[in-house]
Amino acid sequence: MKSKLHILAKQAFLSSWVFAGCLTATAQPKVPTDIPVEMFAALPSFANPKLSPSGEFLAFFASTEGQTRLIISGIAGADPLVVSVPEKQTIVDFRWLQNDILLYRASYSFKRRRLKVRTTETRMHRLDMKTRSSLWLGAPDRTNLRETNSQHERVIDTLPLDPDHVLIELDLNLNSLTEVYKVSLDSGHKKIHERERANIHDWLTDADSTVRLATGVRRDKFVSYLKDERGRWRNLEKAEWAKKYSIEGFATDPDFAYVSGPTAYGTRGLFLLKLSTGEITKTLFAHKQFDMDSVARKQPNDEIVGAVYIDDFPRIAYFDPTYMQVQKAVDRALPDTINTILSRAPDKDWYFLSAESSTNPGNYYIFDRPNGNIGFVASNRQDIEPGEMARTESVIIPAKNGGFIPSYLTRATAKPFKTKSDENKPAGVIMPHGGPFGVGTPQSGIILHSFWQVAAMLF
């Protein structure tokens, strides 16, 4: 970059209410033995922040009065909005749709008379920042007595060329087969867009917002259908390439898809496949040791720009030139942390970042790319001082059978507690991981990470 990057000492983006009310700084530094265990078990002070497309608003989760709430604050200091939901409902995720429109999904426990069991339900809402009013997008049509509300609701496409509508996946007759509806953001009126198909539970659109992929389960076996250029659904069981690869998304050229599958190393990678011929035209991600975990997109419905994998931390390997340049610039400015691009404000070319390490649960920054500045915004857990935490390192322990055990070691920063049997060796805590998932990701969860920090401080 032509401009020299520098770190701003003080935040210059959020309103004073956020930091005064939600993110109060620790008054005095503590020594490790004085840090209470409850501090590690507390809810995050600031989490999952996302910039609006214009960069005018920042939405994030914050812990207030023992609860996690969705808060929207104006970057220039406008009065923040605490998004309210009915009692016993919790907002679990959200996304910006337009500069003044945000979509959020609430979850709650519900006992249905028809199913005779208590289920977990999700509901998708639209929030209008101009009127500060919410609308339940999946609400059933009360004129149709056979229609009820779907157990789960998921937006599958935000329809960039039709900003007044979105495509939502619903199961209004509760037969476990979902349909796609085109829903008005203004009124909530729904119109069927793709009718249910046998065994189909999920749908995926392409870059033109056309529903192209349908997936589900038939007799404990996964099934996939692809819509061809003539609009006909084709069973992928008959496609030879589909025996090895799974579609993750579509490229801007409708004849190309991003697929995951086996690499030459035996790991799971990401490839570009030409649908008309079934040929792999490009390898986008292939790692000798680690599988691709998921894909990274510019925005939820945008084209794929990278592959997510996990070694000691979740990382993104970008193949999009712009995101590669941004990642390199940020890593040069913040060399001691694992830095992740969380969202982007395209109108200003701003990028919202997280930076974490084995001693830091996470700091958040805004990267103003045109001006070459990175500004500190907030900490994930403002009571935790990284300098007081013990570092965690990756170690390999040889096994008697000739193999090895990948492990993580946290050394005490306080004076070690000596055992009676050997005054020269400190006591320790061993936490075996049963697997099979998350074995190589000790930093991915704050609870597991906190356990090691506490162990390091106590022993």
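Return the residue satisfying two criteria in turn: it lies in segment 335-359 and is of a type in the set (A, V, I, L, M, F, W, C) and either over 21 Å from Ile310 (Cβ atoms) or surrounded by 19 or more Cβ atoms within 10 Å (Cβ to Cβ) (or both), and of such residues it is farthest from the chain's Cα centre (by Cα).
Taking the candidates together, the pick is Trp350.
Working only within segment 41-79, note down all residues that are crowded, with 22+ Cβ neighbours inside 10 Å, of a type in the set (Ser, Thr, Tyr) and part of a strand (DSSP E or B).
Hit for segment 41-79 is Ser73, nothing else.
What number of residues in segment 161-201 are touching a residue at least 60 places away in the same chain (Cβ under 8 Å), of a type outside the set (A, V, I, L, M) and within 23 Å of Thr215 (Cβ to Cβ)?
Residues in segment 161-201 being touching a residue at least 60 places away in the same chain (Cβ under 8 Å), of a type outside the set (A, V, I, L, M) and within 23 Å of Thr215 (Cβ to Cβ): 0 in total.
Suppose we keep only residues that are touching a Phe, Trp or Tyr at 6+ places or on another chain (Cβ under 9 Å) and within 15 Å of Ala257 (Cα to Cα) within segment 199-209. Which one would you say is surrounded by the fewest Cβ atoms within 10 Å (Cβ to Cβ)?
Applying the filter and picking the extreme gives Asp208.
Would you pick out the residues in segment 257-286 that are buried (at least 17 other Cβ atoms within 10 Å of the Cβ) and either within 21 Å of Thr210 (Cα to Cα) or of a type outside the set (A, V, I, L, M, F, W, C) (or both)? Give the derivation first.
From segment 257-286, those buried (at least 17 other Cβ atoms within 10 Å of the Cβ) are 257-261, 263, 268-273, 275, 284-286; that's our starting set.
Residues satisfying the conditions are Ala257, Tyr258, Val259, Ser260, Gly261, Thr263, Arg268, Gly269, Leu272, Leu273, Leu275.
Among Thr178, Thr158, Thr131, which is the only one that is out of contact with any Ser or Thr (no Cβ under 9 Å at 6 or more places or on another chain) and modelled with pLDDT of 90 or more?
Numbers: Thr178 fails: out of contact with any Ser or Thr (no Cβ under 9 Å at 6 or more places or on another chain); Thr158 fails: out of contact with any Ser or Thr (no Cβ under 9 Å at 6 or more places or on another chain).
Unique residue meeting the criteria: Thr131.
Being modelled with pLDDT of 95 or more, β-branched (Val, Ile, Thr) and within 24 Å of Pro321 (Cα to Cα), is that true of even one residue in segment 212-231?
No, segment 212-231 contains no residue that is modelled with pLDDT of 95 or more, β-branched (Val, Ile, Thr) and within 24 Å of Pro321 (Cα to Cα).
I want to confirm something. Restricting to segment 215-246 and keeping residues that are outside any loop (DSSP other than H, G, I, E, B) and basic (Lys, Arg), which single residue is surrounded by the fewest Cβ atoms within 10 Å (Cβ to Cβ)?
Per the stated criteria, the residue is Lys238.
Part of a helix (DSSP H, G or I), farther than 20 Å from Ser45 by Cβ and either acidic (Asp, Glu) or touching a Cys at 6+ places or on another chain (Cβ under 6 Å) (or both): does that describe Asp312? Spell out how you get there, then give the answer.
On the way: part of a helix (DSSP H, G or I): no; farther than 20 Å from Ser45 by Cβ: yes; either acidic (Asp, Glu) or touching a Cys at 6+ places or on another chain (Cβ under 6 Å) (or both): yes.
No, not satisfied.
In segment 185-214, what count of residues is obtained for those that are of a type outside the set (Lys, Arg) and either assigned to a loop (DSSP other than H, G, I, E, B) or more than 26 Å from the chain's Cα centre (by Cα) (or both)?
Filtering segment 185-214 down to residues of a type outside the set (Lys, Arg) leaves 185-189, 192-194, 196, 198-211, 213-214.
With either assigned to a loop (DSSP other than H, G, I, E, B) or more than 26 Å from the chain's Cα centre (by Cα) (or both) added as a condition, the list becomes 185-189, 192-194, 196, 198-199, 206-210.
Here the count works out to 16.
Being in contact (Cβ under 8 Å) with a residue 12 or more places away in the chain and either surrounded by 18 or more Cβ atoms within 10 Å (Cβ to Cβ) or under 25 Å from the mean Cα position of the chain (by Cα) (or both): is that true of Arg126 here?
Judged against the criteria, Arg126 is a match.
Give segment 93-123 a look and list any residue that's part of a loop (DSSP other than H, G, I, E, B) and in contact (Cβ under 8 Å) with a residue 60 or more places away in the chain, or say none.
If the condition is that a residue be part of a loop (DSSP other than H, G, I, E, B) and in contact (Cβ under 8 Å) with a residue 60 or more places away in the chain, then Leu97, Gln98, Asn99, Arg114 are the ones that fit.
Select from segment 371-383 the residues that are part of a loop (DSSP other than H, G, I, E, B) and either over 23 Å from Ile35 (Cβ atoms) or at pLDDT below 85 (or both) and list them in ascending order.
The answer is Asn371, Gly372, Gln382, Asp383.
Could you check how many residues of segment 262-276 are in a loop (DSSP other than H, G, I, E, B) and closer than 17 Å to Thr252 by Cα?
Within segment 262-276, residues that are in a loop (DSSP other than H, G, I, E, B) and closer than 17 Å to Thr252 by Cα number 2.
Please state which one of Thr90, Thr131 is of a type outside the set (Gly, Ala, Ser), free of Cβ contacts under 8 Å to residues at least 24 places away in the same chain, within 21 Å of Ala59 (Cα to Cα) and in contact with a strand residue (DSSP E or B) (Cβ under 8 Å, 6 or more places away or on another chain).
Going through Thr90, Thr131 in turn, the sole match is Thr90.
Do we find a residue being loosely packed, with under 13 Cβ neighbours inside 10 Å and polar (S, T, N, Q) anywhere in segment 177-198?
yes
Taking the stated definitions as given, is Asp141 under 18 Å from Lys190 (Cα atoms), touching a residue at least 24 places away in the same chain (Cβ under 8 Å), surrounded by fewer than 14 Cβ atoms within 10 Å (Cβ to Cβ) and touching a strand residue (DSSP E or B) at 6+ places or on another chain (Cβ under 9 Å)?
Working: under 18 Å from Lys190 (Cα atoms): yes; touching a residue at least 24 places away in the same chain (Cβ under 8 Å): yes; surrounded by fewer than 14 Cβ atoms within 10 Å (Cβ to Cβ): yes; touching a strand residue (DSSP E or B) at 6+ places or on another chain (Cβ under 9 Å): yes.
So Asp141 passes the test.
Please go through segment 384-394 and give me each residue that is part of a loop (DSSP other than H, G, I, E, B) and surrounded by 18 or more Cβ atoms within 10 Å (Cβ to Cβ), ordered by number.
Hits for segment 384-394 are Ile384, Met389, Ala390.
The values are calculated or read from the model by the stated rules, or taken from the named source; none is laboratory data. Treat the numbers as computed from the prediction; the structure is a model and nothing was measured. Quick reminder, even Gly has a Cβ in these numbers, built from the backbone with ideal geometry, and neighbours come from all protein chains shown.
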